[in-house]
Structures are given as structure tokens and as C-alpha cells.
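So the structure is just underneath, and the comments pick up after that.
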């Protein structure tokens with residue numbers, strides 16, 4: 001059996017951490033060889049801005065925002081790493097990848113570049129209006145990712 | 001570990017049969033206990049009509065159409081059953097459920113009634129226009145089914 005490559009899209013949400021656990025209990029518990037890629041997509045810097053687009057920040061603010069982004073990345077990857085260690089899989093190698101930009105675009109292009117077999121992600125379960133207005137990352141990826149996609153729903 | 005219930009939506013398509021195989025090789029190969037439900041949704045009778053809605057058929061035609069629907073159901077369930085026997089899982093019990101109506105609605109309500117843990121389905125991979133016009137059963141179910149959903153893509 002050839003090595004399977006599973007990409008799990010992780011972010012700050014409880015749902016994405018649950019999706020990672022689901023992956024261990026449902027998808028990879030007994031596979032011979034498996035490569036697990038933890039993919040975190042940093043939002044573009046301006047998302048952090050409290051004041052919205054078009055403002056020019058002083059250097060201090062830019063540095064602070066960049067640092068916040070870095071901390072966020074570290075914190076997500078740490079939590080995800082802790083879940084992986086918890087399941088302690090002997091047959092799974094774990095890799096971390098950090099992207100930046102529009103999450104849905106970055107995830108779809110990453111699974112293609114990484115030649116993933118399966119993409120696993122949570123769903124934020126927004127209500128109707130939020131979903132309709134924002135569009136959902138998981139909806140987009142389910143449709144456009146060029147591999148099988150698991151949308152894990154938090155019970 | 002409690003018994004997991006996995007619903008696989010099967011239809012006439014190659015994609016759905018591939019999704020069923022995927023399910024065996026990726027999801028349930030080594031699980032302790034698993035109930036697999038093969039769900040087939042018959043289209044509403046008028047879909048069979050070559051002439052479209054609003055026509056009144058003679059009794060003969062209605063009988064012929066019903067028979068065609070029954071044959072289609074049998075043929076899908078037979079193919080799905082053959083795949084299941086092929087993998088010959090000792091820890092999996094297989095059940096067959098046939099519904100009727102609008103596939104996306106019936107699948108979502110069936111997984112709820114069956115209290116499924118996971119729904120597995122193929123994607124027809126329609127091109128952009130067909131997808132935009134018809135809407136896709138898998139898109140709808142990924143969004144609205146109240147359990148985790150796997151969209152299996154045929155390589």
C-alpha cells in the first residue's frame with residue numbers, strides 16, 4: 001500500500017482541532033504509512049487591522065500586528081501538535097505547513113502542490129446569513145480541491 | 001469504541017461506486033465495529049418521463065416506468081453489494097436503504113433518521129455551468145447533512 005498523504009486544515013477554531021482528532025480516530029488509526037500535513041493559513045495582514053482597509057499604520061503597529069500573526073500561528077500549531085502527540089501514531093509522519101492569504105484559495109492550491117490524497121477540515125457552522133454573505137471556506141474546498149475532502153462536523 | 005454508522009450514498013454513477021471502495025480502503029478497514037448503510041435514492045417517477053412534466057401516461061407506460069425504476073434500484077444495489085463482498089469485511093454489517101424523491105433532501109433527512117456518524121458520497125464533477133444550473137447533490141449535503149461528510153473524488 002502506498003503512503004497516503006492527508007492534509008488537515010487547522011486554524012484557531014475548536015472545529016478544526018476536532019477535525020484533526022476525527023482524522024486520527026477515523027482515517028489513519030491503522031494505516032500502514034501515512035503522511036499528515038498540518039496546514040495553517042495566516043490571514044493577509046490587513047485582516048488584523050481593527051480599522052479596516054486603506055489606513056496607513058505607523059511602523060510600531062505593523063510590527064505589533066506581524067507579531068500577533070506569528071503568535072497566532074505558533075499557538076495553532078502547538079495545539080495541533082499536542083493533539084498529534086496525544087494519539088502518538090507510530091506509522092504517521094507529521095509535517096507543518098504555513099501559508100498566507102485567502103484561506104480557501106491557499107488550501108486548494110496547497111493540496112494540489114502537496115499531491116494530497118485527502119483534505120480534512122472542520123466547518124464553522126455559520127448561520128444562514130453569515131454563510132451566504134461570507135461564503136464558506138469548507139464549501140469552496142469541498143467543491144474545488146482536487147482530492148477527496150472530509151468536512152468534519154463538531155457534534 | 002462504540003459502533004460507527006457510515007452511510008454511503010450510491011447511485012448509477014461510477015463515482016459513487018468508487019466512493020464506496022474508498023470507504024473500505026480508507027475509513028473502515030480496521031474499525032472494530034461498523035454499520036454500513038447503502039443508501040439509494042430513486043428519482044421521483046416523472047424524471048423517467050421522456051416527454052417531461054404534465055403529460056398523462058397510459059397505464060402501460062406507468063407500469064413500464066415503475067419497472068425501469070425497480071430494475072435501476074436492483075442494479076445499483078447489486079453493484080454496491082458486489083463491492084462490499086469483494087472487501088469481505090468481517091467487522092462490518094451492511095444494510096440497504098432505498099428512498100425516493102429529491103436526492104439531496106432525502107439523503108440529508110436519511111442520515112439524520114439513521115443517526116449516521118459519517119456520510120460518504122461521490123461527486124459527479126459537473127462542469128461549471130451544469131453545476132451552477134443544477135446545483136450539486138454533494139455540495140448541498142456537505143453543507144446541510146448533520147454529520148461529517150466525505151466527498152470522494154474519482155482520480
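Side notes on the structure shown:
- Options B:50, B:155, B:44: the member that is more than 12 Å from chain A (Cβ to nearest Cβ), surrounded by fewer than 18 Cβ atoms within 10 Å (Cβ to Cβ), modelled with pLDDT under 85 and out of contact with any strand residue (DSSP E or B) (no Cβ under 8 Å at 6 or more places or on another chain): B:50
- Candidate set from the stretch B:21-31 (those that are within 10 Å of chain A (Cβ to nearest Cβ) and out of contact with any strand residue (DSSP E or B) (no Cβ under 8 Å at 6 or more places or on another chain)); member that is modelled with the highest pLDDT: B:25
- Considering (1) part of a loop (DSSP other than H, G, I, E, B); (2) modelled with pLDDT of 80 or more; (3) surrounded by fewer than 17 Cβ atoms within 10 Å (Cβ to Cβ); (4) within 14 Å of chain B (Cβ to nearest Cβ), the lone condition that residue A:126 does not fulfil carries the number (2).
The values are calculated or read from the model by the stated rules, or taken from the named source; none is laboratory data. Here the structure is a predicted model, which is why all the values come from computation and not from measurement. When we count neighbours, we look across all protein chains shown, and the Cβ atoms used for this are built from the backbone with ideal geometry, even at glycine.
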